[in-house]
DNA sequence: CGGCATCCGTGACGATACTG
DNA sequence: CAGTATCGTCACGGATGCCG
């Protein structure tokens, strides 16, 4: 096993980079913030990562306490990887990177991959309330556990229970939000995001 | 020149990692947050980086708008590298990494390098006020421009003008602060940090 | 078929030597 | 002082094979 390559600096930022600075690691964390995932699903949502590097990173993340490997209860008896609490604490790091990267996003290039739940991070940033939010995009659906203390931060597909609000938006609006060009209240006011639901969260989103 | 290796993902966090995800890049940013620095000084404060990688990263950072290469005014006619505004905007990324890495800091290993100004980031985090603060450690002196909007975020050596406050602390206290085990007000109250100066900032630090 | 391990070509990295 | 040149090594990316 790899005796980890370290910067050997007595500095907490350098220590963090010792653990999460390797190529792909933080993007694997981004995937796992959507909840437990199988190896094959991770590989499918991270185009370009080679099979051995993915396996190696997952082992490193287990060793470093970022993730666990767990057997799903039958009948879906497969192994899944899920973040530990420690791993989920990397959310602010991904948010800081995502905020900084907003102005680097630019146009979607012909070789750029997209997954619906990659918009979860910018939407969580744009949303300062708490609650379960279902989001419907052209690319697919996902849901956000805004303000959740533990468990997944977001997830693929429709919300697992009745959400506090539903958001419906098109690709252009979604991109504008992801670039930080548009705030969520502005987008709602401009009619570019349709908010449905009876919860307090839905009312708040429609009003502010 | 390197046709940059990209993740090719339409995601702002992935875009950020395209720019700053290479080995050493964020640590070079950490160094340059201390103000303009010469190549040789960067190399000296980043033990382990090879000369060609450092040169290559600096070129990449110029190309990507993170840093500039500038000739210092005589008599110190040398080339220095300094962050652009865009580069300085990476401060929240380094702070998020540093916060997360606090619990990874552990003991100082025998091979760990240390520089006084590496404690600038944790101290800035521990300090929520604004002003110029001079810090004196066993390892050396540095100063913080807390709350500064532009220009360097901190610097090596004593403050260039009369600071709003001076902090004097020993290695153990500094480490405890860097680990997040101790807040700055607690450390002051426990007498582990000596605050001098007449400014409002100094008074505030002594009182709270 | 999902979950890797193995092999291989390429490029990134680290150490040292050297040059304007 | 500020890099460039060279070189060995290792990490990465792609393909393929294996095993439950």
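Read-outs throughout are calculated quantities, based only on the coordinates presented, and are distinct from any laboratory measurement. All figures in this text were calculated on a predicted structure; none of them were measured in a lab. Backbone-built Cβ (ideal geometry, glycine too); neighbour counts: all protein chains shown.
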- What are the distances, in nm and sorted shortest first, from the label point of residue A:186 to the label points of the same position in each other copy, with each label point placed 7 Å from Cα along the Cα-to-Cβ direction? 4.1
- Message: How tilted is helix A:91-101 with respect to the longest principal axis of chain A? Cα atoms for both, answer in degrees (0 to 90, nearest 10).
- Response: 70 degrees
- Item | Residue mean of other protein chain beta carbons inside 10 Å, A:15-27 | 6
- Message: If I take the rotation axis that carries chain A onto chain B, which residue of chain A has the nearest beta-carbon, and at how many angstrom?
- Response: A:96, 2
- Item | Relative packing of peptides B:121-130, B:89-98 - highest average C-beta neighbours within 10 Å first | B:89-98, B:121-130
- Can you list, shortest first in nanometers, how far residue B:4 lies from the same residue in the other copies, with each label 7 Å from Cα toward Cβ? 2.7
- So for the pair residue A:79, residue B:44, with labels modelled 7 Å out along Cα→Cβ, what separation do we get in nm? 5.0 nm
- Task: Per DSSP H run of n ≥ 4, the term is -39500 (n - 2.57); total these for chain A, divide by its residue number, and report the mean residue ellipticity at 222 nm rounded to 500 deg cm²/dmol.
- Result: -10500 deg cm²/dmol
- Each label point is 7 Å from the Cα along the Cα-to-Cβ direction; what then is the distance between the points at residue B:56 and residue B:4, in nm? 1.5 nm
- Along Cα→Cβ, 7 Å out, is where each label goes; now give me the distance between the ones at residue B:171 and residue A:179 in nm to one decimal. 5.2 nm
- Debye calc, one equal point scatterer per Cα of the stretch B:105-154, no solvent, log10 I(q)/I(0) at q = 0.18 1/Å comes to -0.61
- Name the most mobile residue of A:16, A:55, A:176, meaning the one with the largest mean-square fluctuation, in a Gaussian network model of chain A with Cα contacts below 10 Å. A:16
- Query: What are the label-to-label distances in nm, one decimal and shortest first, from residue A:77 to the same spot in the other copies, with labels 7 Å along Cα to Cβ?
  - Reply: 7.9
